[in-house]
Structure formats: structure tokens, C-alpha cells
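The values are calculated or read from the model by the stated rules, or taken from the named source; none is laboratory data. Keep in mind that this is a model prediction, so the values were computed, not measured. Quick reminder, even Gly has a Cβ in these numbers, built from the backbone with ideal geometry, and neighbours come from all protein chains shown.
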Amino acid sequence: MAKKKNTEEPVAQKPAGGLFTYAPAPESPAAAGDIASSYGHFIGGEFVDSSGSEALKTVNPATEQVLAEFAQGTGKDVDRAVAAAREAFADWSALPGSERAKYLFRIARIIQERSRELAVLESMDNGKPIRETRDVDLPLVAAHFFYYAGWADKLDYAGFGPNPRPLGVAAQVIPWNFPLLMLAWKIAPALATGNTVVLKPAETTPLTALRFAEICRQAGLPKGVVNIVTGDGRTGAALTAHPDVNKVAFTGSTPVGRAIAKQVAGTRKKLSLELGGKAANIVFDDAPLDQAVEGIVNGIFFNQGHVCCAGSRLLVQESVQDELLAALKRRMGTLRVGDPLDKNTDIGAINSAEQLARITALTEAGEAEGAERWSPACELPGTGFWFRPTLFTGVSQAHRIAQEEIFGPVLSVLTFRTPAEAVEKANNTPYGLSAGIWTEKGSRILWMANRLKAGVVWANTFNKFDPTSPFGGYKESGYGREGGRHGLEPYLNVEARDV
Ligand code: NAD
């Protein structure tokens, strides 16, 4: 029987670059599994209703459709979650590390098995392209649990003295830009070291954390070891202020990090802060320019630029400025902006209307201050929150777009003549999270890396993450390290190591 022609069949579209045509390659939203119409919290191993009646909504930023309602956690909900974590702590911390490791390995394996479901759900809730959730976020999430599972029975050899002890209950608050990955960065080391946790996901992206709660049940994790309480900053503040938590781990903006530091000051809570950034991606005239262009694009357009360590300031050596910018503009012309569930999409949706407004306001300030704005021609979908990949030239160090974190697909270009000038300009920011250096000279890489005030310095690459490698900031980018052996320390009572 002849196949009926589907008149709604998608038509191949010509991207702005005009070089290739791509037929749409949509991933099915059904792969995200069942999304409930409303969610409560996950406390003591059970999904429970909130003690309050306020509900928030999470929307798909590419379609503006409501995906689900979820509870605005109250002080009572937080009390209950912290009590459940406290109760679970005695048994969990007394388990041999090799036993805790088995749970972490099990969680890692389930994440791998359910990675397509989680990737699609993350793309729908966050707006990031499926190519990134599938190929970057989810593999890294699983890798984090595998990695810290490996540490759980080797803590005696981690460099913190014999038999290092956990802290107790960890309060963990995360942002919306890498919802499941930030959860993994927080929960995996906490559990490996014998702590129990209460985690609050961001209010625009709660769904993968709630799905992770199901995974904890599937893995048979003892009740109360992981608790998830949803809500906005009010719930976050109630959690970080709770008198019965021993550790506060926060990833998010610098102003909120500062407020939490004040709140925690004078208590015995241990605190780690992973905050904002304004990284310099520094290109010397001897760099392989085509490779550098790929690194610049990855540095600022990956995840719509919603990346704390994004290479948001390009510092290019004056002698190659014209050549590099011409190549960069050509490359930006080939970026496809649109449906996050299309496997060909490079730049997905901006996570929320509020974030879009923030990006828009800062780019308008860039123009008002006299920088020159450029974007490739590209059609944006009619509904949802979108922003064209954008480049600013003629940027001076005093401009707001050179100083403030835009957290969007916007690159500010500055120039330099000498390595010393590059270092000075790169460090001229209140932040210090990451930097990139592009040059073929190894000695220059080392010279620069020694002088750059950044927690991570990439050489001839950018935005490379690995669970074995510590990550964290200088100055207003925060303190404490996540990842690697260093990532164990924030969850261990190193002062009591000889006890
Ligand atoms: P945000 O600070 O507004 O919110 C982060 C989280 O904190 C959310 O869960 C929010 O509900 C909660 N929160 C808000 N007010 C709070 C309060 N008073 N007390 C406790 N919790 C509170 O940040 P955001 O807009 O969600 O995320 C973007 C920011 O996160 C950017 O600045 C980015 O650079 C930063 N970030 C940093 C890293 C890193 O590792 N350094 C990683 C990812 C994101």
C-alpha cells in the first residue's frame, strides 16, 4: 500500500550560513517519559506533598508550554527534609566505603541506562540542545557518580589523614544552567564521603532532580540519604539557614553567594561557593586560528552561553584581529538556532523570560556605551525565548559588557599587543573562574597560566570538563573546589582528621 504523504512533513531548511541544508532531525518528546502534572518533594525516600499550598510552574522555554507544577518548599518542608537526612546520617556514615560505593555505582549505571530519557527531559525543561544534553551533560553526570564511587573506599588515601570523617547533613542549592550535572557535582562527593543531603534545584528546572529522586529509589538507596526540596530562593534561604545542617554547598550567582556567606558566617557550617565568571579567551598571533575559532565558539555559544566559565571576553592579539574576526563571523553564520530537540541545533532556547530580559538589557547597554554589535542573519522561532549569537567589537575594559556576567550567547572582543597586557586585561575583572590561552608556544602557556587569576586555565581548548579535575574560582567566583580529589575536601571534617 502506498504510504500516505504527510502534508506536514518538515521541509529541509537552509541555515543562515547557506552552505548546507539540513532536514529537521527531531528527538521525540515522548522519550522524556511521563511528566506528572504536579510534583511534591522527595523526603525520606517518599514523594510527599508540601505543607504549604503554593505551587510554581516550570515551562519549556522553547515553546512556553507549562510542563508541570511543583511545590514551593516551606520552612516546615525544609525542617522535615533536614530531619530525614539527619536520621539517615548515622547508618549511612557507618557503612563501609565499599558499600556506599555500590550505591553510587548503581546510580551511575541507572543514569547511563536512562540517559536518553534524562537528556530529553533536561532539554525540555532547560532549553539546551539535545546534542549537548545527550553528548555532554549526561555522560558527565554518569562519569561523576562513577568517579566518586571509586573514591568511597579509598578516603584514607586521599590526603586528608587516616579515617577522615563526614560532616553530617549537607544543604545543597544549585542553578538552572546544568541542572542534572550540578546535582551530580554536589551529590556524588557528598555521598561518597558519608554525608546525607538535602538538595534544592533551581525554580526554572526542577524536573531532572525529581526524576533523579526516582533513580535513588530504583537504586535502593537508603531512605533519607538524598532528599529533594523544590522551590525558589525563599526555600533555598530556609535550607542554607537551617540550624541542623553542617555543610552548605551553593552554585549560583555572586550576589546570592554573598548573601549566603553572610548568613553562614559565625556558624560552624562549612561553606563552598561556586559563583559567576567573566572568563578571558586569549588568542595569540601564533595560534592555529581555525582551531581557536572552534574554541571561541565552544567557549561562548555552548549551552547558549549560560555557563559560569564561558569564554565571554575574547582577547585577541592585534596583529591577527582582522583575520580571526572574519573567520569567527563566517563560523557564527553556520550556527543553527532553534528547537532544542532537533539533533542539528547548536543554540537552543534561553532558559527563561527573565534571563532573556537580562541579556537584552546588557547588550543594549553595550550599544549605548559605544561598542559595535554584530550577529549573523538567523531566523528565530515565533514563540519561546531566543537570542541570536552576538559579537561586540570596539569594547573597552570599562564597558559593562566587559565587566558584568551576561550569561548568554554574547561575546565581547578586546585586543592586546603583548603577553603582559593580555594578563593585565584578563585579570581586570572581579571574577576568576576560568581562562583560555591559544598559542603554539608551551613556554608562553606556562608563563600566562602562572599569572592568570583563574581557577581553571585551558590551553588550546576550552570548556573541557572531567570529574577527575578540580573546578572552582578565585575572587568573586567563589571558594572551594568541586571535582577530583580536591572535591572530597568540602565534605570532610579535615580539622578532626586525627581524632
Ligand atoms: P541564582 O543565584 O539566582 O540562583 C541559584 C540558586 O540559588 C537557585 O536554586 C535559587 O533558587 C537559589 N537562591 C536564590 N536566592 C537564594 C537565597 N537567598 N538563598 C539560598 N538560595 C537562593 O543563580 P542562577 O541565575 O540560577 O544561576 C546563574 C548563576 O550561577 C550565574 O551567575 C553562574 O555564573 C552561576 N554558576 C556558577 C557555576 C560555578 O561552578 N561557578 C556553575 C553554574 C552556574
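The table below lists the values:
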quantity: Pick from the stretch 452-473, criterion in a loop (DSSP other than H, G, I, E, B) and within 11 Å of the ligand (Cβ to nearest atom), ranking: farthest from the chain's Cα centre (by Cα); calculated: Gly455
quantity: Residue in the stretch 484-499 that is within 12 Å of the ligand (Cβ to nearest atom) and not assigned by TED's automatic domain parsing to the domain that holds Asp290 present; calculated: yes
quantity: Options Leu180, Leu167, Leu140: the member that is at negative phi, over 18 Å from the mean Cα position of the chain (by Cα) and assigned by TED's automatic domain parsing to the domain that holds Arg481; calculated: Leu167
quantity: Filtered residues of the stretch 69-105 (kept if assigned to a helix (DSSP H, G or I) and charged (D, E, K, R)); calculated: Lys76, Asp77, Asp79, Arg80, Arg86, Glu87, Asp91, Glu99, Arg100, Lys102
quantity: Residues of the stretch 388-404 classified as farther than 21 Å from Ala327 by Cα and in contact (Cβ under 8 Å) with a residue 60 or more places away in the chain, total; calculated: 3
quantity: Out of Leu391, Leu452, sole residue that is touching a Leu at 6+ places or on another chain (Cβ under 8 Å) and either surrounded by 16 or more Cβ atoms within 10 Å (Cβ to Cβ) or closer than 25 Å to Ala184 by Cα (or both); calculated: Leu391
quantity: Pairs with Cβ under 6 Å, 6+ apart, first in the stretch 257-284 and under 28 Å from Gly305 (Cβ atoms), second among the β-branched types (Val, Ile, Thr) and more than 10 Å from the ligand (Cβ to nearest atom); calculated: Leu271/Val264; Lys278/Thr429; Asn281/Ile296; Ile282/Ile437; Val283/Val316; Phe284/Thr439
quantity: Every pair of residues 6+ apart whose Cβ atoms lie under 9 Å, when the first sits in the stretch 405-417 and is free of Cβ contacts under 8 Å to residues at least 24 places away in the same chain and farther than 19 Å from Ile347 by Cβ while the second is away from the ligand (no atom under 16 Å from the Cβ) and part of a loop (DSSP other than H, G, I, E, B); calculated: none
quantity: All positions within the stretch 284-319 that are buried (at least 22 other Cβ atoms within 10 Å of the Cβ) and polar (S, T, N, Q); calculated: Asn303, Gln304, Ser312, Gln317
quantity: Criterion: away from the ligand (no atom under 16 Å from the Cβ) and in the same structural domain as Phe416 (by TED's automatic domain parsing) - qualifying residue of Ser319, Ser312; calculated: Ser319
quantity: Residue list for the stretch 355-401, restricted to those being of a type in the set (Lys, Arg) and within 21 Å of the chain's Cα centre (by Cα); calculated: Arg358, Arg388
quantity: Long-range neighbours under 6 Å by Cβ, at least six apart or interchain, first residue touching a residue at least 60 places away in the same chain (Cβ under 8 Å) within the stretch 227-244, second of a type in the set (Asp, Glu) and within 8 Å of the ligand (Cβ to nearest atom); calculated: Asp232/Glu203
quantity: Single condition Phe250 does not satisfy, out of (1) surrounded by 23 or more Cβ atoms within 10 Å (Cβ to Cβ); (2) over 29 Å from Asp77 (Cα atoms); calculated: (2)
quantity: Considering residues of the stretch 271-284 that are among the aliphatic types (A, V, I, L, M) and not in a strand (DSSP E or B) only, the residue nearest to the chain's Cα centre (by Cα); calculated: Leu275
quantity: Residue selected from the stretch 402-442 under the condition part of a helix (DSSP H, G or I) and under 27 Å from Arg481 (Cα atoms), by the criterion farthest from the chain's Cα centre (by Cα); calculated: Gly442
quantity: From the options Leu167, Leu221, residue that is surrounded by 20 or more Cβ atoms within 10 Å (Cβ to Cβ) and farther than 22 Å from Glu274 by Cα; calculated: Leu221
quantity: Residue count, the stretch 162-176 (criterion: at pLDDT below 95 and within 14 Å of the ligand (Cβ to nearest atom)); calculated: 0
quantity: Subset of the stretch 458-488 [of a type in the set (Asp, Glu) and more than 19 Å from Gly257 (Cα to Cα)]; calculated: Asp466
